[in-house]
Every structure is written in C-alpha cells, then in structure tokens.
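My structure is below; once you've seen it, I'll send some questions.
FYI, it's all coordinate maths here, none of it is from the lab. Computed from a predicted model, the values in this text were never measured in an experiment. Cβ atoms come from the backbone with ideal geometry, glycine included; neighbour counts cover every protein chain shown.
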Amino acid sequence: MKPTIPAKASYDLETDIFSASPMKREYVSSFQKGEIIFDLDDKGEIVGLELLNASKHFGLAKRFLNKIVGIKIKLSTSEDIIKIKIFVKSLIRNSEKTSALNLERIKPDFVNPSEMTIAVM
C-alpha cells in the first residue's frame, strides 16, 4: 500500500459540496458519476474528488460538516470498480465525531487502476 499523502479538503456550506485532493496535484480533466466528480491526472489516475449533496451522503447536518477537523480518504480503482472510503472527523457539540462513508462506482474505461490514501489531520 502506498503511503498516506497530505491533502487539502473543504466543505462549502452554501452549495453542500465536499472536496478533497492531495496538496500537490495536477489534474487535466474531470468526469462525473452520479453525485461524485472525479479529477484525473495526465496518466488517467484519480487525483481528487468532489461530493455533491455531501450532507445527504454523510447523514450529517450541514453545520456539522462545516466544522471538519480531519479527513482520511482511501481510494482504489480496479479494472471495473472505483471504491471510495471517506472518514470525516467533525466537531459536534464540542466533541469530535467520526463519520464514515463507503461509495462504489463503475469505472469508465479511460480511468487507470490506482490506489491513493490522502489525509488532513
């Protein structure tokens, strides 16, 4: 398994969009699968993502997602499937709560198999 890569993440309260990517990333294109937008580098590997309607997916109120104190994302792409595991730590009533989200999408042919773990702590 590859080492964890330092990342940046944000949540936009107004649009309800969660986004995350490595600190040093260069992407050349994006594609959307359902409510997930994936960013690709010049090798066709996923280097970032945006999750639309994030509060619905995480099952958290927007005000709690707006208080994220840490994230970890494990992303793996096989020949057929993109698997995403997102762990978000947020402040809820002055204590930290971790929420997990597991997503799978069919991999388009133009995306190359890869693995990536990114974290903001």
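For every other residue with a beta carbon closer than 9 angstrom to the beta carbon of Gly70, add +1 if it is Lys or Arg and -1 if Asp or Glu, then tell me the sum.
Its environment carries a net charge of +1.
Using Cα positions and a limit of under 14 Å, work out the aspartates and glutamates in reach of Lys43, with same-chain residues fewer than 8 apart set aside.
Those aspartates and glutamates meeting the cut-off are Glu26, Asp109, Glu115.
Quick one: of the DSSP bridges fully inside the stretch 5-120, what percent are antiparallel, nearest 5?
95
With the crude spin-label approximation of a point 7 Å out along Cα→Cβ, what separation in nm comes out for Asn53 versus Lys83?
Rounded to a tenth, the inter-label distance reads 2.5 nm.
Once label points are set 7 Å from the Cα along Cα→Cβ at both Thr117 and Glu14, what is their separation, rounded to one decimal in nm?
In this crude label model, Thr117 to Glu14 measures out at 3.7 nm.
Just one of [x] 1.35; [y] 1.02; [z] 2.87 is Cα Rg over 2.2 N^0.38 Å calculated from these coordinates, so which is it?
The value computed from this structure is option [y].
OK, next. Under the rule of -39500 (n - 2.57) per DSSP H run of 4 or more residues, summed and divided by the residues of the chain, what mean residue ellipticity at 222 nm is obtained, to the nearest 500 deg cm²/dmol?
Counting only the DSSP helices, I get -1500 deg cm²/dmol.
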